[in-house]
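The values are calculated or read from the model by the stated rules, or taken from the named source; none is laboratory data. Values in this document were obtained by computation on a predicted structure and should not be read as measured data. Note that each Cβ is placed from the backbone with ideal geometry, even for glycine, and that neighbours are counted across all protein chains shown.
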Amino acid sequence: MAELLAPASAPPQLVRGACPHDCPDTCALVTTVQDGIAIKVQGNPDHRPTAGVLCNKVSHYAERTNHPDRVLQPLKRVGPKGSGRFEPVSWDTALADIAGRLSAIAARDPQAILPYSYCGTMGLVQGESIAARFFHRLGASLLDRTICASAGAEALTQTLGGKVGMKVEFFAEAKLILIWGSNSIASNLHFWRLAQEAKRNGAKLVCIDPRRSETAEKCHEHVQLLPGTDAALALALMHELVVHDWLDHAYIAQHTLGWEALRERALRWTPERAAAVCGIPAQQIRDLARAWGTTQPAAIRLNYGMQRVRGGGNAVRAVACLPALTGAWRHRAGGLLLSSSGFFPIDKATLQRPDLLAGRKARTINMVTIGDDLLRPASPEFGPAIEAVVVYNSNPVAVAPESGKVVRGFARPDLFTVVPPTATPTCC
């Protein structure tokens with residue numbers, strides 16, 4: 001009888017949203033919610049750019065969120081660091097402990113507290129803005145978030161005037177697509193759908209990548225250059241464009257600066273010289289240059305892998321010059337795309353409130369040097385030793401350079417760390 005009288009479940013609701021992960025696609029989501037619980041996550045078929053298709057990771061979002069092993073309660077370390085011994089505590093206990101420890105450190109010098117985050121989960125509000133307000137108000141050290149894309153972003157800004165590029169949907173109309181430093185099948189799923197559409201319409205797809213990725217296997221040609229040699233290849237392509245006069249002189253004259261100096265440098269990079277550096281045949285360079293110089297519309301889908309090496313910023317600059325030399329930008333399906341974020345200006349000051357520093361000059365620590373910085377003692381040049389790290393949306397031990405130093409730094413017995421896996425703090 002009790003079961004018969006129990007109230008029926010509310011009808012499921014469909015909630016529209018967007019994927020919060022760091023991916024070029026930013027898929028539109030439709031989440032099915034039953035009695036306040038997300039039970040299914042699907043792509044939104046009405047969203048034209050992503051067409052209802054999700055990657056394997058996000059399509060299982062609900063399963064991970066509701067998994068019985070997910071940590072839902074704060075855990076406090078009770079054993080030595082590295083032992084993996086934690087005990088559950090209440091939210092009130094955890095928050096009081098964290099607030100007490102951070103307050104005591106801040107009373108001595110708030111710069112001894114460091115936030116460490118990147119793009120595990122994004123969003124203008126939940127990604128950084130509220131956290132930044134807190135740390136600005138506290139006066140904590142600032143974090144220079146350069147680990148992923150700073151060199152390429154600056155290179156694009158210096159070359160094109162901003163983080164701008166062609167619209168991704170126009171790649172479907174291109175006749176030649178260079179996929180440069182990107183495993184698009186794995187990390188740019190919906191661009192790959194557009195590239196496949198172009199391929200069916202007769203376009204040639206060329207993958208330029210040191211690794212024979214899934215994308216490289218599906219393209220017409222794979223240019224398997226050595227890591228860190230992209231700039232040499234780009235300059236050799238320019239060499240061939242000049243020698244064979246595959247140039248749009250009117251476009252260069254009207255829309256570029258510094259062509260004479262670039263031309264002089266490119267002429268030093270013969271296909272033979274670049275072939276020796278890049279580890280690929282000189283004829284492959286000549287053929288690629290011919291294809292780029294004689295095919296319109298032609299487009300480049302560039303990604304950030306190539307700028308994560310020494311000289312990577314200049315490599316991006318060199319590649320970003322190629323569309324201008326042939327006038328590829330005259331066509332809506334021609335040009336280059338690395339980032340389009342410059343089309344969407346954001347008032348970060350309003351969101352992150354640096355005014356809450358109230359005139360204080362907090363030091364800035366680069367996230368890539370966290371291993372050295374955690375092991376560095378206090379000094380007049382460096383300032384106070386780091387006594388506390390609040391980690392969110394990142395895993396520095398896994399992603400930061402010189403991981404051995406990072407591990408030793410986080411193993412310091414005197415270092416207080418707060419690490420929220422998903423949304424639950426772990427204190428140690």
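Of the residues making up the stretch 122-138, those that are hydrophobic (A, V, I, L, M, F, W, C) and at positive phi number 0. In a residue-by-residue description of the stretch 342-354, the property of being under 20 Å from Arg308 (Cα atoms), out of contact with any strand residue (DSSP E or B) (no Cβ under 7 Å at 6 or more places or on another chain) and without any contact (Cβ under 8 Å) to a residue 12 or more places away in the chain applies to no position.
For the stretch 170-193, residues that are at pLDDT 95 or above, touching an Asp or Glu at 6+ places or on another chain (Cβ under 8 Å) and more than 22 Å from Gln224 (Cα to Cα) total 1. With the requirement that a residue be part of a helix (DSSP H, G or I), in contact (Cβ under 8 Å) with a residue 40 or more places away in the chain and over 24 Å from the mean Cα position of the chain (by Cα), what does the stretch 199-232 give you? Selection gives Ala232 alone. Of the residues making up the stretch 375-406, just one is part of a helix (DSSP H, G or I) and either more than 25 Å from the chain's Cα centre (by Cα) or free of Cβ contacts under 8 Å to residues at least 12 places away in the same chain (or both), namely Ala398. Cβ separations smaller than 7 Å between residues 6+ apart or across chains give the following pairs from the stretch 63-90 residues that are in contact (Cβ under 8 Å) with a residue 24 or more places away in the chain and farther than 30 Å from Val41 by Cβ to residues that are part of a loop (DSSP other than H, G, I, E, B) and small (Gly, Ala, Ser): Lys81/Ala411; Gly82/Ala411. Among the residues in the stretch 112-125, are any of a type outside the set (Phe, Trp, Tyr), at pLDDT 95 or above and not in a strand (DSSP E or B)? For the stretch 112-125, residues of a type outside the set (Phe, Trp, Tyr), at pLDDT 95 or above and not in a strand (DSSP E or B): present. Taking each residue of the stretch 268-279 that is closer than 10 Å to His239 by Cβ and in the same structural domain as Ala234 (by TED's automatic domain parsing) and looking for partners that are among the charged types (D, E, K, R) and in a helix (DSSP H, G or I) with beta-carbon atoms closer than 7 Å, six or more apart or interchain, yields Pro271/Glu240; Pro271/Arg286. Checking each residue in the stretch 78-98 for being within 33 Å of the chain's Cα centre (by Cα) and over 26 Å from Val406 (Cβ atoms) picks out Trp91, Leu95. Among the residues of the stretch 301-313, are any over 19 Å from the mean Cα position of the chain (by Cα) and not aliphatic (A, V, I, L, M)? Scanning the stretch 301-313 turns up no residue that is over 19 Å from the mean Cα position of the chain (by Cα) and not aliphatic (A, V, I, L, M). Residue count for the stretch 312-357 under the criterion of being more than 21 Å from Ala234 (Cβ to Cβ), in a helix (DSSP H, G or I) and of a type in the set (Lys, Arg): the result is 1.
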